[in-house]
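The values are calculated or read from the model by the stated rules, or taken from the named source; none is laboratory data. Fair warning: this is a prediction, and the values are worked out from it, not measured in the lab. In this analysis, Cβ positions are derived from the backbone assuming ideal geometry, glycine residues included, and neighbour counts consider all displayed protein chains. Only protein heavy atoms, including side chains, enter the accessible area calculation; ligands, DNA and RNA are left aside. Shrake-Rupley method; radii C 1.70, N 1.55, O 1.52, S 1.80 Å.
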Amino acid sequence: MQVDLEKEFELPGSAAQGWEFLQNIPAVASCMPGAEITDTIDEHNYKGKVKMKIGPAAMAFNGDIVISNIDAQKRELNLMGKGQDSKGSSSASMDLTAWIVDADGGKSALKGNASVTVTGKAASLGGRMMMQVADQILNQFGANFADHIAAMGAGVEAEEAREHIAQQPQEINGLRFAWSVFIGWLRSLFGGK
Amino acid sequence: MIPSEFEYHKATSIQDAIAQLGAHEDAKLLAGGHSLLPMMKLRFAEPPHLIDINGIEELRGIRLEGDTICIGAMTTENELIHSEILQQHCPLLVEAARLVADPQVRNRGTIGGDVAHGDPGNDHPAVMLALDATFVLHGPGGERQQAANGFFLGTYWNDLQEHEILVELRVPVIKKGVGHGYSKLKRKTGDYAVAGSPVVIELDGEVCRDIRIALTNVAPMAIRAEAAENILRGKVIDDALIEQAAAEVLAACDPAEDLRGDVLYKSHMAAEMARRSIRAALLQARG
Amino acid sequence: MDNTAEVQDREDSLKGVGCSRKRKEDARFVQGTGRYTDDLKLPGMLFADMVRSPYAHARIKSINKEKALALPGVHAVLTAEDLKPLNLHWMPTLAGDVQAVLADEKVHFQYQEVAVVIADDRYIAADAIELVEVEYEELEVLVDAHRAMDDDAPILREDLVGKMDGAHSTRVHNNHIFNWQAGEKEATDRVFEQAEVTVKQDMYYPRVHPCPMETCGCVASFDKINEHLTVHLTSQAPHIVRTVVSMLSGIPESRIRIVSPDIGGGFGNKVGIYPGYVVSIVASIVLGVPVKWVEDRMENISTTAFARDYHMTGEIAADKEGRIKALRVNVLADHGAFDACADPSKFPAGLMHICTGSYDVPVAHLNVDGVYTNKAPGGVAYRCSFRVTEAVYVIERTMDVLAQKLGIDKAEIRRRNFVKVEQFPYKTCLGWELDSGDYHTALEKVLNAVDYDALRKEQQEKRTQGELMGIGLCTFTEIVGAGPSRNCDILGVGMFDSAEIRVHPTGSVMARMGTITQGQGHQTTYAQIIASELGISSDEISIEEGDTDTAPYGLGTYGSRSTPVGGAATAVAARKIRAKAQKIAAHLLEVSENDLEWEVDRFKVKGVPGQEKTMKEVAWAAYNNVPEGMEPGLEAVDYYDPPNFTYPFGIYLCVLDIDKSTGETKVRRFYALDDCGTRINPMIIEGQIHGGLTEGFAVAMGQEMPFDEQGNLLGNTLMDYFVPTFVETPHWETDYTVTPSPHHPLGAKGVAESPHVGSIPCFTSAIVDAFAHLDVTHMDMPHSAYRVWQKVHELGLDKRA
Amino acid sequence: MAKQHVSFKLNGKQVDALVEPRELLVHTIRETLSLTGTHIGCETSHCGACTVDLDGKSVKSCTVLAVQADGSELKTVEGLADAGGLHAVQKAFIEEHGLQCGFCTPGMLIRAYRFLQENPNPTEEEIRWGMSGNLCRCTGYQNIVKAVQTAAKTLQQA
């Protein structure tokens, strides 16, 4: 089962800041809720794990991440992540192309095309939810990513962002997620797009 | 299909349940179990602790308080169906409960579990939106009330805070001049809805004073079709307006494609269910 | 003297052939004392559970069992590596291919068995399978049968690379299994070139699953001291299982006992031999204790014996009056990862060449190519006799298309093409000999019963109002009772069947058959046959089946073969007994046996009233007073090799209404007329027809096994896989005619599968008929609301003013 | 995991069992208490083969934990017949040929038994709705509907 998602997140910093952060793979990975890099093999190859909790459901994936392409010119990066659920009954992979573009007012945006593939029990049974859940996860990823960019700056916003980062959960979690979306909503009210 | 190991705890009171949720990491409440246990048997859910709230009497029962019907979260679907209070004052809920799953499951499945579980296919979240219900939530910090509108945030994701329990659902009595409709399309008995739509209409003479159109299983969570409601609110509803509203319902849908249908089909079915429910609600409101 | 009434009373008291006798088996089933495989609990019994692949196509890089073995209560974890020294990591299939018992270096379909865990109980086993660590390398997946023989298609069966000599034909591609043809290609093509009218229709018969209420399972128990293996398993063919197990294990057949206990429905799902059986047997032999394996529902739907998955093209050449001049059928058969079809050995696509149907077709050609894909193996007849459902589907659909093209009513075009009653026995151009039939009479009976003309008129009116009403018609001929050993065998064993009858001194009877009931009521109906033949009340006749230690060798129950073959064996064995009884009676009455005549339950001396011996009296005498030179006792065995198949037929008509706004279908009427020849137990026949129609309804209206591009099977629980409930299931109307089979000892033909075979094309016919005025000629199954609505939407019928 | 003691009344008899918290009621009934009339068909609460009567209500015992049945009153198919012989629903299923392979039958019977107490005089449509939690692959339901109607008549006359 495969779903393709297109996403765009506003970043509260310059494109240069965004690109700088995007190349820090372990840091970027940590924006993915519940994900972490457990082993850096070289600058293109990593091992990592993802723990997902969606409502009552919980899954843990161990896998490999390969950075297949970094294009500084385009500020674009291609990442392939592949993992198998620790019980061996499901597997998931993500082929992600992410790039940073300039936006008005010295700000920037993170854009991404992700193709998520799931096999095994999760695909047979979870298909009904998959698109929505993947979407929710990526939204949280975007919010976390933006926090990191904001945290590079100074002032109250940066302080807040650093606080969010510190609070970021180790897995996907509805409650925390609600918080991050709430913050996103506040930003959209006061951020003055 | 065997669940993973867990510790089982019986809660004796709401306070006890909250305390136990706090005491055991990653604990889950066991209500009727017909959403949670299948997930546990498939090992998608592996809570290390289950807190059984079936023995808590204060979570059961349906009572009338003025113009409000108070429904204990552990009230089963069949209890909803057979409640005289509901039959008389809120038949929409009876109608909806009748279309949930099958007779055996309705003996175990609870309204609170259905609302709190977070599956967009569950029926009661949309019903609660249409009824403009209020949820009574108890947590470590005490009691709070939350409107149904705003409670449902995404797939398996709602406004229930950590260690909080949904205790009671409060719905207003359906009065004269208020009509309701409930339409649901499903592939077969026991399946989730392809699309469902509960509708409540309040008439002032022939004019629609207020209307709530809610939708099941056509978005990450139960939603209100507000743009459709806005078309009808304040107007004398006729066929042409219903068609305009149905078009807005269609536009409001964001369903996931699965074996029940693709985005197009599900959206069209949501529109059709809304259309049918609006007509039924109108008929009833007009008396 | 009212002699007739007295004779009639005696006849009635036998509860023999033709009687709606209540079922003998029900007493235990209604009290919860049926004995199904999972009910069996043996001392020291362990439980087996499978580690399965999440991938449809992948190389296994490593398997680590240590964590699983460390779990308390786990006794063993077996992989292909462990089975290799025993040469049991692969097993032969019924179709001449081999199948991996446990994935050997590669997995070929999602949920394939990769390792088996043997543990104290099913709870520990379920925990342990998650602890077996398997590392996979994903490979390109092939799920589209049409792509299987492309140059760049991934090669699935590396074990067969270069072996282009297949079990049934030369293989032309590494993913090719066989090419099989019947009929005359050139002659058929010539007719098509010159025909006044030709029609051609592509159709896909989706992969479906028989999904009996009880899943597959077994309890294997090896007695090390006596080197004796007992396996209780849910098999529709226990004797064949014994033969295969013996061939695989080297244990002599005489020291293997296979017992099919009560079976919770089969429908074809329980014909095959599955890895679960093999590993349970191996584990029991290795560990010396009984081992149970029982599938869960997801495993059942995902891995054990699917059905259909045929991509078919039907073509008819005809004249302008709609008379068929030639038939051409092309099939692409998706057999999954291993060719494990349960068909008679010589027929890789079953009895598909019955596809000329009920019609007088001068010439025809059938071409079938079988291919491998990354899907589960199996290919069983889901309540039909070896691909007959597919054959009936393709001819009935194509007939409808022809009728539509010529503007001839679909009942009329069938009338014009039916084999006429005087043409029987009728030799079809593809080689079968239809034994008997009267299609015209049956058709008229149905059309009159439903008032066909009025229905067509109503449909016309509905159409002018923009409503969608469909009338479906299916006039099918089946081929059942496999089969004559000259053309039917399984693994070289001829497809005869058997009965062994013993009449005890007091005149009660014990009989055993080589078939095995799965709900068909054999305990009841076989007794009725014996009752009528021997004049002993069926209540005094006990029937036993399914235990290979006691029952005579038989090929089992599937393909509606119990009555045509097992029932014939029973009748013939009973007749052998009656022949001996007649000699004894003559001896007792001191007359020549030719002076005796048979009346219900006794031999009478012709023309001498009062001079008679009842069968009971003869039975007693058989044990103490037989003619000189005759051995005592009264029993007989018959192995019946049928001279021909039997050809039940039916006329089905369906009326339905479609809700344009949702695509939902309401079946308003379904009228099923069946002719299965002599009717042994009308109550049971009707029950079988209800069940078959309901399964046909399920297939036509909702069942499918969809795979995504990664080879994930979507929908393998009863949430998604459509098994209709009380609410969705229509009300059935049944009717019958009786055209006995001329070659069957009782004239009976078999019935249980007709309603499935006949109803499926009937539903499609009705659905398409609802859109026929809009030039729609075919719609693929399943006709779920979703799919029907898509057609409504495509045609713009849901547009609102 | 430590086992827990549960005690309930099964077909009128008080029984005790030691169960893991995760043990499903259907397994306790079938394996520990050796009443194998209650069957397992789908394990996801769709087929109803595992239906038992729990405190006067039909439930699917594949989706109830044994610990949840502690202190309850249970009836299975084995408890339907009494000293007077078969229950009316059992007789009616035989009479109307309401079963074939027999696998769904215990669940059907125990559901029909309860349904006829909930609705002693049902219409065909009510029967179809009231029995819709039980699947059968053999009968096409038509004769089961008849059997329930027949049983209803018998029970009304009694």
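If you rank C:ARG397, C:ARG328, B:ARG63 by how much accessible surface each has, with a 1.4 Å probe, what is the order from largest down?
Details: C:ARG397 5, C:ARG328 45, B:ARG63 95 Å².
So the residues, ranked largest to smallest area, are B:ARG63, C:ARG328, C:ARG397.
Compute the distance from the alpha-carbon center of segment C:240-286 to that of segment C:403-470, in whole Å.
The two parts, judged by their Cα centres, are 45 Å apart.
Work out Dmax and Rg for segment C:156-277 from the C-alpha atoms and quote the Rg first, both in angstrom.
22.1, 75
Cα extents of segment C:386-449 along the three principal axes, largest first, in whole Å?
Projected onto the principal axes, the Cα atoms of segment C:386-449 cover 31, 26, 20 Å.
How big is the accessible area of C:HIS232 in square angstrom, nearest 10, if you roll a 1.4 angstrom probe over the protein chains?
40
Segment C:219-350: D in µm²/s via Stokes-Einstein (Kirkwood Rh, Cα pairs, 37 °C, 0.692 mPa s)?
188
Residue separation times 0.36 nm, minus the C-alpha to C-alpha distance between C:ASN87 and C:GLU140: what's the value?
Working: separation 53, 0.36 × 53 = 19.08 nm, distance 2.87 nm.
This chain segment gains 16.2 nm when fully extended.
With the contact rule set at Cα under 8 Å and sequence spacing of 6 or more, what percent relative contact order holds for segment B:141-250?
It rounds to 17 percent for segment B:141-250.
Can you give me the angle between helix B:14-23 and the longest principal axis of chain B, using Cα atoms only, in degrees from 0 to 90, rounded to the nearest 10?
That helix lies at roughly 60 degrees to the long axis.
Which percent of Cα pairs goes in each bin when the distances of the protein assembly as shown are cut into 20 angstrom slices starting at zero?
Taking all Cα pairs of the protein assembly as shown, the binned fractions are 9, 35, 37, 15, 3, 0, 0 percent.
How large is ³J(HN,Hα) for each residue in segment B:125-132, as worked out from phi by the Karplus curve 6.51 cos²θ - 1.76 cosθ + 1.60 (θ = phi - 60°), to whole Hz, x for Gly and Pro?
x, 5, 4, 5, 5, 5, 7, 6
So how much slack lies between C:ASP159 and C:ASP223, counting 0.36 nm per residue of separation and subtracting their Cα-Cα distance, in nm? Don't skip to the end; give the middle numbers.
On the way: separation 64, 0.36 × 64 = 23.04 nm, distance 3.50 nm.
Using 0.36 nm per residue and subtracting the Cα-Cα distance, I get 19.5 nm.
Mind listing the phi-derived Karplus ³J(HN,Hα) values for segment C:475-483, rounded to whole Hz, using 6.51, -1.76 and 1.60 with θ = phi - 60°, and x for any glycine or proline?
Result, ordered by residue: 10, 10, 10, 9, 9, 10, x, 5, x Hz.
Total accessible area buried between chains A and C, 1.4 Å probe, in Å² to the nearest 100?
Rounded to the nearest hundred, the buried surface is 1300 Å².
Would you compute, from DSSP H runs of 4+ residues alone, the mean residue ellipticity of chain C at 222 nm, taking -39500 (n - 2.57) per run and dividing by the full residue count, rounded to the nearest 500?
On the way: 19 runs with 219 residues, N = 801.
It comes out at -8500 deg cm²/dmol, rounded to the nearest 500.
Sequence-distant or interchain residues sharing an amide H contact under 5 Å with C:LEU634, placed H: which?
The list, which skips near neighbours in sequence, is C:VAL503.
For segment C:14-41, state which residues have at least 30 Å² less accessible area in the presence of all protein chains than in their chain by itself, taking the probe as 1.4 Å and leaving out ligands, DNA and RNA.
In segment C:14-41, residues shielded by partner chains: C:LYS22, C:ARG23, C:ASP26, C:PHE29, C:VAL30, C:GLN31, C:GLY32, C:TYR36, C:ASP38, C:ASP39, C:LYS41.
If you bin every alpha carbon distance in chain C into 20 Å steps from zero, what whole percent lands in each bin?
Whole-percent P(r) values from 0 Å outward: 16, 46, 31, 7, 0.
Counting only other chains, what is the mean number of Cβ atoms within 10 angstrom of the Cβ of each residue in peptide C:452-459? Mind dumping the intermediate values first?
Working: counts 0, 0, 0, 0, 0, 0, 0, 0.
Mean shielding by partner chains, rounded to a whole number: 0.
Using the per-residue mean of other Cβ atoms lying within 10 Å as a proxy for protection, in what order, highest first, do the peptides C:560-570, B:215-225, C:159-169 fall? Working shown, then result.
On the way: C:560-570: 31.5, B:215-225: 26.5, C:159-169: 13.8.
Going from most to least packed, we get C:560-570, B:215-225, C:159-169.
State the Cα centre-to-centre distance between segment C:107-151 and segment B:243-285 in whole Å.
Taking the Cα centre of segment B:243-285 as reference, the centre of segment C:107-151 is 40 Å away.
Could you work out how far the C-alpha centroid of segment A:136-156 sits from that of segment C:640-682, in angstrom?
Value for the Cα centre distance between the two parts: 64 Å.
At a 1.4 Å probe radius, which order do A:ASP102, C:ASP339 fall into by accessible area, largest first?
Ranked list, largest accessible area first: A:ASP102, C:ASP339.
Over segment C:76-124, with the other protein chains present, what is the accessible area per residue in square angstrom, probe 1.4 angstrom?
29
In deg cm²/dmol, rounded to 500, what helix-only [θ] at 222 nm does chain D give when every DSSP H run of at least 4 residues adds -39500 (n - 2.57) and the total is split over its residues? The partial results should precede the final answer.
Numbers: 4 runs with 45 residues, N = 158.
The per-residue figure over chain D is -8500 deg cm²/dmol.
Over 17 Å, how big is the tail of the calculated P(r) for segment B:64-172, in percent of all Cα pairs?
Within segment B:64-172, distances greater than 17 Å cover 49 percent of Cα pairs.
Of the listed pairs A:LYS82/C:LYS375; C:LYS320/C:LYS405; A:LYS47/C:LYS67; A:LYS121/B:LYS28; C:LYS462/C:LYS666; C:LYS200/C:LYS462, which have alpha-carbon separations greater than 20 Å here? Each step should come with its number before you reach the end.
Numbers: A:LYS82/C:LYS375 23 Å; C:LYS320/C:LYS405 10 Å; A:LYS47/C:LYS67 22 Å; A:LYS121/B:LYS28 23 Å; C:LYS462/C:LYS666 15 Å; C:LYS200/C:LYS462 29 Å.
Over 20 Å apart, Cα to Cα: A:LYS82/C:LYS375; A:LYS47/C:LYS67; A:LYS121/B:LYS28; C:LYS200/C:LYS462.
Output the peptides B:79-89, C:662-672 sorted from most to least packed, where packing is the average of other Cβ atoms within 10 Å over each peptide's residues.
C:662-672, B:79-89
What nm value, rounded to one decimal, do you get for the distance between C:GLU631 and A:GLU20 when each label is placed 7 Å out toward the C-beta?
10.2
Explain nothing, just the number: relative contact order of chain B, from Cα pairs under 8 Å at least 6 residues apart, as a whole percent.
15
Ballpark to the nearest 100 Å², how much total accessible area do A and B bury together, probe 1.4 Å?
Details: alone 10670 and 12930 Å², together 21510 Å².
Looking at A and B, the buried total is near 2100 Å².
Probe radius 1.4 Å, ligands and nucleic acids left out: can you give me the accessible area buried at the D-C interface, summed over both chains, in Å² to the nearest hundred?
Protein heavy atoms only, the D-C interface buries about 4400 Å².
Counting only residues 5 or more places away or on other chains, whose amide H sits under 5 Å from the amide H of B:LEU99 once H atoms are built in the peptide plane?
Sorted by chain and number, the residues that satisfy this come to none at all.
How large is the translational diffusion coefficient of segment A:2-187 in µm² per second when you combine the Kirkwood radius over alpha carbon pairs with Stokes-Einstein at 4 °C and 1.567 mPa s?
77
Carbon and sulfur together cover what percent of the accessible area of the protein assembly as shown at a 1.4 Å probe radius?
49
Other chains near D:113-125: what is the mean number of their Cβ atoms within 10 Å of each residue's Cβ?
1
Name the residues of segment D:93-128 whose amide N is less than 18 Å from a point 7 angstrom out from the Cα of D:GLN157 along the C-beta direction?
D:93-97, D:120-122
How much net charge surrounds C:PRO377 when only other residues with a Cβ under 10 Å from its Cβ are counted (Lys, Arg +1; Asp, Glu -1)?
Values: positive: C:LYS375; negative: C:ASP97, C:ASP339.
Summing Lys and Arg as +1 and Asp and Glu as -1 gives -1.
Quick one: 3J(HN,Hα) in Hz for segment C:571-579, Karplus 6.51/-1.76/1.60 with θ = phi - 60°, rounded, Gly and Pro as x.
Residue by residue, segment C:571-579 yields 5, 5, 4, 4, 5, 4, 5, 5, 5 Hz.
Can you compute the modelled spin-label distance between B:GLN15 and A:GLU160, with each label point 7 Å from Cα toward Cβ, in nm?
3.9
In Å, what is the Rg of the alpha-carbon atoms in chain D, and how long is Dmax?
Radius of gyration, then largest Cα-Cα span, for chain D: 15.5, 52 Å.
Across segment B:183-285, what fraction of all alpha-carbon pairs, as a whole percent, falls in each successive 10 Å bin from zero upward?
All Cα pairs, binned at 10 Å, distribute as 18, 51, 25, 7, 0 percent.
Label C:ALA27 and C:GLU544 with points 7 Å out from Cα along Cα→Cβ: what is the distance between them in nm?
Inter-label distance under the simple model: 1.7 nm.
Working only with C-alpha atoms, what are the Rg and Dmax values of segment D:88-157, expressed in angstrom?
Gyration radius and largest Cα-Cα distance of segment D:88-157: 10.5, 32 Å.
Counting only other chains, and only Cβ atoms inside 10 Å, what mean value do you get across the residues of D:143-155?
On the way: counts 5, 2, 3, 0, 0, 1, 0, 0, 0, 0, 0, 0, 0.
Per-residue shielding by partner chains comes out at 1.
Mind ranking D:49-56, C:206-213 by how tightly packed they are, going by the mean number of other C-beta atoms within 10 angstrom, highest first? If you can, show how the numbers build up before the last one.
Values: D:49-56: 23.8, C:206-213: 25.2.
Final packing ranking: C:206-213, D:49-56.
Where does segment D:4-77 land on the Kirkwood hydrodynamic radius, alpha-carbon pairs, in angstrom?
The Cα-based Kirkwood calculation yields 11.8 Å.
Please compute the alpha carbon radius of gyration of segment B:7-52, then divide it by the globular-protein estimate 2.2 N^0.38 Å. Two decimals is fine. Mind showing how you got there, number by number?
Working: Rg = 10.4 Å, N = 46, 2.2 N^0.38 = 9.4 Å.
With N residues counted in segment B:7-52, Rg over 2.2 N^0.38 Å equals 1.11.
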